[in-house]
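Notes for the one structure printed next.
The values are calculated or read from the model by the stated rules, or taken from the named source; none is laboratory data. Bear in mind that the values here come from a model prediction, so they are computed numbers and not experimental data. All Cβ positions, even for glycine, are placed from backbone atoms using ideal geometry, and neighbour counts span all protein chains on display.
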Amino acid sequence: MMLRVTLRNLAAHKIRLVLTAVAVILGVAFVSGTLIFTDTMNKQFDDLFDSIGRNVAVDVRAKKAVDDPMDDGTQALPVPASLVETLRKVDGVKDVTGNVTGYAAVVGRDGKIVGAESEGPPQLGVNWVPGGDYELTSGRAPRGSGEFVLDADTADKAGLRVGDTVKIATQGRRSGCGWSGCSTPAA
């Protein structure tokens with residue numbers, strides 16, 4: 001009896017049945033899509049952070065110039081390069097590598113920053129470490145102070161090729177490749 005009433009009610013309200021089914025299917029699809037997206041993003045960040053500190057036992061940094069929880073580290077004084085040799089002499093130290101990291105953005109031919117931060121990941125410049133965890137798609141490793149490697153996405157956005165002269169905007173004083181032309185051996 002109850003089954004007959006249920007089937008008669010469903011037959012009388014077919015559109016309501018279809019719309020309810022569509023709403024349930026769309027709701028499940030949106031929730032599934034959100035979970036897949038967040039899982040993919042989490043994996044990307046996990047992989048990034050796993051590769052950053054790989055094979056690093058100790059990271060020596062300068063004391064912050066300003067004790068501010070909102071400080072992004074740009075106010076910290078640099079560690080002198082001479083400290084690398086001092087650290088090499090410490091018992092048990094296998095290898096010491098000096099690193100430089102900071103804001104570095106490609107300036108396009110129109111004078112504007114290529115790929116503003118609102119359009120993608122932060123624009124970071126780091127020093128080249130021979131034997132590092134890099135994968136060059138073309139060109140070669142930099143051999144001098146006027147050469148650098150550029151990621152393929154930024155090179156495509158700027159319309160650059162291996163060997164082009166490029167302006168790089170950095171934070172702080174103009175030096176090295178700050179605003180001068182530099183050739184890029186790899187993209």
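Taking the criterion of being among the charged types (D, E, K, R), at pLDDT 75 or above and farther than 20 Å from Pro122 by Cβ, the residues of the stretch 136-187 that qualify are Arg140, Arg143, Glu147, Arg161, Asp164.
The strands (runs of 3 or more DSSP E) located wholly in the stretch 95-158 that include 1 or more residues which are among the polar types (S, T, N, Q) and within 18 Å of Leu48 (Cα to Cα) occupy 101-107. There is at least one residue in the stretch 65-83 that is under 22 Å from Gly132 (Cβ atoms), at pLDDT 75 or above and part of a helix (DSSP H, G or I). Pairs linking a residue in the stretch 128-142 that is under 14 Å from Gly98 (Cα atoms) to a residue that is aliphatic (A, V, I, L, M) and at pLDDT 80 or above, with Cβ atoms under 8 Å and 6 or more positions apart or on different chains, are Trp128/Ala141; Trp128/Val149; Pro130/Ala141.
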